[in-house]
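What follows is calculated from the coordinates using simple rules that are stated; it is not laboratory data. Predicted model, so just to flag it, every value in this text is computed and none were measured. Note: ideal-geometry Cβ built from the backbone for every residue, glycine included; neighbour counts use all protein chains shown.
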Amino acid sequence: MEIDTRKTVKEIVLGMPASVGVFERLGIDYCCGGDKRLDDACQAAGRPVQEVLRSLEAVKTATQADAGATDWSRESLGSLMNHIVGKHHTFCRQEVARLEPLLAKVSEAHGAQHPELHRLKRLFSGMSKELLMHLVKEEQTLFPYIARMEEAVTRGARFPRPPFGTVQNPVRMMVLEHDNAGAALHEMRKLSRDYQIPPDGCNSYRALCDGLKTFESDMHQHVHLENNILFPRAVALEDTAAAAEKRAGN
Ligand SMILES: [Fe+2]
Ligand SMILES: [Fe+2]
């Protein structure tokens, strides 16, 4: 089966979860900018469509052979949220704690020759502060509500009324915060010229570039799971539950 280049990047990732690796490697935005058509996204990333299609076809064949990657659009929302918190939130906190002092050390040692390190440090610090608060909002407010909603729907029980009106309100705010983090990461990548290590870069410089690249890649996967799978499913679940209640005359 041919991959249709008029499909959005998000549709391709949802149909073929392993394609995330290809998009990440080729610098094609599949999380915040996932609503772009594949051909437009290739153009935006400066990648020939045929090259991207070849890589996607290779992944498709490998996936069909071992069916490895979890298809989160089929798992319960509870399992998906546990996965997001256990894997991505934990990693994000760990890496912020590790990379902030490393950035301070490298910008102190190399800032005179590479002044962009100072701006990189400020960008990372501002983004991290917002991200840490963002994780708390998801873990303490939004995710528990989604879990209660899923549980009520599964048991056929009354639907819990959220303090924030509808789940669409916090979802909108979380998506906006993802966009802010995405913009900061994009700016950091540009400033660092794709995290290139300069000839005079020491081991700490190398560790910093590797760490920031991995942090970015993990954030892309994290935001993809929320923006493209968790949030649309939570909104749909709320709509379905509200319609069922209306029919039952509650
Ligand atoms: Fe999250
Ligand atoms: Fe988030």
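Remarks
- Out-of-range pairs (alpha-carbon distance over 28 Å; input LYS60/LYS121; LYS105/LYS137; LYS87/LYS213; LYS36/LYS105): LYS60/LYS121; LYS105/LYS137; LYS36/LYS105
- Cα-based helix-to-principal-axis angle, 143-155 vs the chain, degrees rounded to 10: 30 degrees
- Remark: C-alpha extents of region 17-114 on the principal axes read 48, 38, 25 Å, sorted largest to smallest.
- Cα long-axis angle, helix 231-248 against the chain (0 to 90 degrees, to the nearest 10): 10 degrees
- Size of the chain as Cα extents on the principal axes (Å, biggest first): 71, 44, 29
- Think of each Lys and Arg Cβ as +1 and each Asp and Glu Cβ as -1; about the Cα centre, that makes the dipole of region 99-206 roughly 220 debye.
- Geometric descriptor of region 9-66, per residue, is 64 Å³ (volume of the convex hull of the Cα atoms).
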